[in-house]
Amino acid sequence: MNAAAPTSAPIATDPLDFSLADRLPARAASQGRLIVGALPQDGRPGLLFVPGAYHGAWCFAHYLDYFAAAGLACAALDLRGHGALPQDGAFASTTIADLGQDVAHALDALEGPTVVVGHSMGALPALLAARQRPVAGVVLMAPSPPGDLPGALALPPVPDAVPRTAPAPAEIRARFLATSPNRDVRAVTQRLCAESPQVLNDRYLLRVALGDASFNVPGLCLAAGLDTHDRHPPGQDQAIAQRYGFSHAVLAEQPHCMMYADQWQISAATILAWYREQFG
């Protein structure tokens, strides 16, 4: 289905202002780092946001504010070597399985039941962790496909000796944001980090198998209608949703990085509406 724009979501003055993430409390979670938007206030599940390649917890700054204002516990995760965390000599050999362990340890560190939310490449470690730990639900945003998904699209590998430099402004504008070629994206470029080539090739070469067994929890898979078809061909996100029995929605006017798009409230409100249907 195509999701309609909400009418009551808060308005951000600048969708590329991530400074809230610098002011929120943070704490270590094994080799990762949690930025906490709000602590649990009742027995309802909290939300753990897992960023994709090159990104850190900062990219969910608006979401943390939004879901905290909705009365929900929420946190975002810096995976090892991402966001505010340094990259050591072993970073180039980091795999998606390693990042899955980071998500699992973050789930251990959070109080109470948790819905894990993975964006893009971050969907894969989120799903791996959901296989290893009890979760209350799963949300996938423009997800990278499991390697054993029938028909999953492989991509050319990158050289595996050194970390891969973060995308240039032109790619951020075109692929991440589907925005004007003149858009000032310095607020993004200054926060993106290099990525482990093993992480990228795990996704590009379809090396992360998750099986077809249900997760036995409610789930939602969001497709970005403006996503580039070379990485997210039409129907792939729906196939992921169908494989695991998740709900599926296409956000027709949203780019790949919907959590800091100009209308980021559309994706946030869609997740919140699904959450309230499941958990009240």
Can you give the three extents of the C-alpha atoms in the stretch 154-280 along their principal axes, from longest to shortest, in whole Å? 41, 33, 24
Order 152-162, 53-63, 130-140, 17-27 from most to least packed using the mean count of other Cβ atoms within 10 Å. 53-63, 130-140, 17-27, 152-162
Per DSSP H run of at least 4 residues, take -39500 (n - 2.57); add these up for the chain, divide by its residues and hand me the 222 nm value, nearest 500 deg cm²/dmol. -7500 deg cm²/dmol
Over the stretch 20-279, what is the mean sequence separation of C-alpha contacts under 8 Å (at least six apart), divided by residue count, expressed as relative contact order in percent? 19 percent
Counting only the backbone N, which residues of the stretch 194-217 are under 19 Å from the spot 7 Å out from the Cα of residue 155 toward its beta-carbon? 194-210
Regarding the chain, what is the average projected area of its C-alpha convex hull, in nm²? 13.0 nm²
Can you compute the label reach from residue 133? Point 7 Å from Cα along the Cβ direction, backbone N cut-off under 14 Å, restricted to the stretch 90-116. 98-116
Where Lys and Arg each count +1 and Asp and Glu each count -1, what net charge lies around residue 224 among other residues with Cβ under 12 Å from its Cβ? -1
Under a plain spin-label model, where a point goes 7 Å from the Cα along Cα-to-Cβ, how far apart in nm are residue 168 and residue 189? 1.0 nm
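Each reported figure results from applying straightforward, stated rules to the coordinates on display, with no laboratory input. Small disclaimer: the values here were computed from a predicted structure and weren't measured. Note that we place each Cβ from the backbone using ideal geometry, even for glycine, and neighbour counts take in every protein chain shown.
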